[in-house]
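The values are calculated or read from the model by the stated rules, or taken from the named source; none is laboratory data. All values derive from a computational prediction rather than experimental measurement. Reconstructed Cβ throughout: ideal geometry from the backbone, glycine too, with neighbour counts over all protein chains shown.
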Amino acid sequence: MQREDSVNPKDWFRIGDKEIKRVEILLNAGDLEGAGFNIQQALEKYLKGYLLSKGWKLRKTHNLILLLNEVIVHGPSFSTYIDPCQKITQYYVEERYPSFMESRFSPEEIKESLQIAKKIIDQIRTLTKLDERDR
């Protein structure tokens, strides 16, 4: 039986919140690749949740830039996050595909990306709460 993903934004936000908690645990354990991966996953969940709240048809992708470009249609202020999202998308690849080199990301970079991710998430939370009041 094929699994069907939820199209309820709150379900996506709930999973995104779990991912943020995992980031903090992994950072404390010194697992930079794991922390970066979970930052990417948290943003992916929140961006998809936001888009679903706008009537978007769910698509399978891990590319934050693709998702962010669709979010920008609804909220142009998100365009300030293009560069950070390009970097955070790389965390997915870093963790999922083997490399001959050690991680190229420093703890400072991961922590900075986490702060940016939290800003994006806070903005999405604020906007979706406003949307709920309009209904």
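Scanning segment 94-135 for residues that are modelled with pLDDT of 65 or more, surrounded by 13 or more Cβ atoms within 10 Å (Cβ to Cβ) and either of a type in the set (Val, Ile, Thr) or not in a helix (DSSP H, G or I) (or both) turns up Phe105, Ile110, Ile116, Ile120, Ile121, Ile124, Thr128.
Take the residues of segment 57-70 that are modelled with pLDDT of 95 or more and not charged (D, E, K, R): which is farthest from Thr89 (Cα to Cα)? Here the answer is Asn69. Checked against the criterion of being at pLDDT below 95, hydroxyl-bearing (Ser, Thr, Tyr) and not in a loop (DSSP other than H, G, I, E, B), segment 42-49 has no qualifying residue.
Considering only residues in segment 26-49 that are of a type outside the set (S, T, N, Q) and surrounded by fewer than 22 Cβ atoms within 10 Å (Cβ to Cβ), the one that is nearest to Glu112 (Cα to Cα) turns out to be Leu27. Per the listing Ile25, Ile82, the residue uniquely in a helix (DSSP H, G or I), modelled with pLDDT of 95 or more and over 26 Å from Leu127 (Cα atoms) is Ile25. Take the residues of segment 1-25 that are more than 16 Å from the chain's Cα centre (by Cα) and free of Cβ contacts under 8 Å to residues at least 24 places away in the same chain: which is nearest to Gln115 (Cα to Cα)? This residue is Ile25.
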